[in-house]
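Taking it in order: structure first as structure tokens, then the write-up.
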């Protein structure tokens with residue numbers, strides 16, 4: 001599964017006011033945002049999304065000193081290991097044999113709806129107490145992410161603790177960064193995605209492989225010919241023009257919900273830019289190679305992800321100087 005990073009900014013404001021406050025003392029009573037994040041992490045139970053079968057929990061506050069981060073990083077960075085997963089699933093677990101390329105006979109484990117699987121993810125926050133703007137990076141693995149579960153649950157906790165204040169999260173990233181990444185990089189792949197709809201069917205009426213009741217998401221991938229890149233001039237206006245983004249979602253006779261542009265940056269990193277008609281583009285950084293290298297060298301994956309996350313934030317805002 002693909003490992004990726006997304007970066008977001010946050011501010012603390014008084015209710016019904018637009019001026020951001022110092023993160024180190026937002027209420028003028030020596031309450032800092034870092035201590036709020038830590039207190040929430042120590043006391044939070046399972047993080048749930050309403051009406052969802054997905055849940056997560058904060059497993060630990062990561063010891064940055066034990067991972068070898070220097071004092072500069074430890075002064076501004078807090079990171080967590082979060083387990084994210086799904087329940088309400090009936091399934092059977094088998095062993096896959098990669099040599100024979102088949103599933104071994106015999107059930108290893110029968111999973112029932114009360115079982116909750118967990119994939120370990122990393123969340124990090126960068127907070128300068130003398131600044132009014134903080135940063136957060138979120139690690140995702142495939143479809144496993146804790147973006148809304150973390151921020152929604154934290155917002156509820158924060159509102160109960162500080163009812164006169166509110167946290168404002170910018171979950172879109174810095175538009176100047178993804179525009180620059182697109183302009184300077186090369187377009188590797190375009191993926192059109194939509195939710196399954198009534199009437200969707202793969203196969204014929206006599207022999208259907210999937211029906212609309214079984215299809216969750218439909219995706220169409222566009223790759224370049226040979227070892228080249230896709231032309232990108234026609235995409236240049238989508239970052240500022242909502243009408244152009246709407247036109248991009250039309251592929252042949254089909255209407256799609258979202259388009260993902262995979263771009264190879266000048267640094268050789270792959271970033272994914274998600275585009276929809278309603279929202280400004282969102283960007284994620286692919287870190288598969290970072291994770292693979294850490295595993296190959298038997299190094300802690302947590303450290304590799306945190307270093308990549310801090311580097312990503314440095315790319316977004318060069319004024320943040322944290323060394324790992």
On full extension of the chain, what length is gained from residue 75 through residue 143, given 0.36 nm per residue of separation minus the C-alpha to C-alpha distance? 21.3 nm
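By counting other Cβ atoms within 10 Å of each Cβ, how are 9, 217 ranked from fewest to most?
Details: 9 19, 217 11.
Ascending number of Cβ neighbours within 10 Å: 217, 9.
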I want to make sure I understand the PRE zone here: with the label point 7 angstrom from the Cα of residue 38 toward its beta carbon, which residues in the stretch 71-85 have backbone N atoms less than 18 Å away? 71-81
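Using 0.36 nm times the number of residues separating residue 266 and residue 63, minus their current alpha carbon distance, what extension gain do you get? Intermediate values should be presented prior to the final figure.
Values: separation 203, 0.36 × 203 = 73.08 nm, distance 3.29 nm.
Contour length minus Cα-Cα distance gives 69.8 nm.
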Taking other Cβ within 10 Å of each residue's Cβ, how do 310, 249 sort, fewest first? 249, 310
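Determine, from the Cβ-Cβ distance of residue 166 and residue 233 and an R0 of 51 Å, the FRET efficiency 1/(1 + (r/R0)^6), rounded to the nearest 0.05. Present the calculation step by step, with values, prior to reporting the outcome.
Values: r = 42 Å, r/R0 = 0.82.
With a Förster radius of 51 Å, E is 0.75.
Calculate, for residue 101 and residue 298, the FRET efficiency according to 1/(1 + (r/R0)^6) with r their C-beta to C-beta distance and R0 35 Å; round to the nearest 0.05. Each step should come with its number before you reach the end.
Details: r = 27 Å, r/R0 = 0.77.
The formula returns an efficiency of 0.80 here.
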Estimated inter-spin distance, residue 91 and residue 314, nm [label 7 Å along Cα→Cβ]: 3.8 nm
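If r is the Cβ-Cβ distance from residue 186 to residue 29 and R0 is 41 Å, what FRET efficiency results, to the nearest 0.05?
Values: r = 51 Å, r/R0 = 1.25.
With a Förster radius of 41 Å, E is 0.20.
Bear in mind these aren't lab numbers, they're just calculated from the coordinates by the rules spelled out. Quantities reported herein were computed from a predicted structural model and do not represent experimental measurements. FYI the Cβ positions are ideal-geometry reconstructions off the backbone, even for glycines, and counts take in every protein chain you see.
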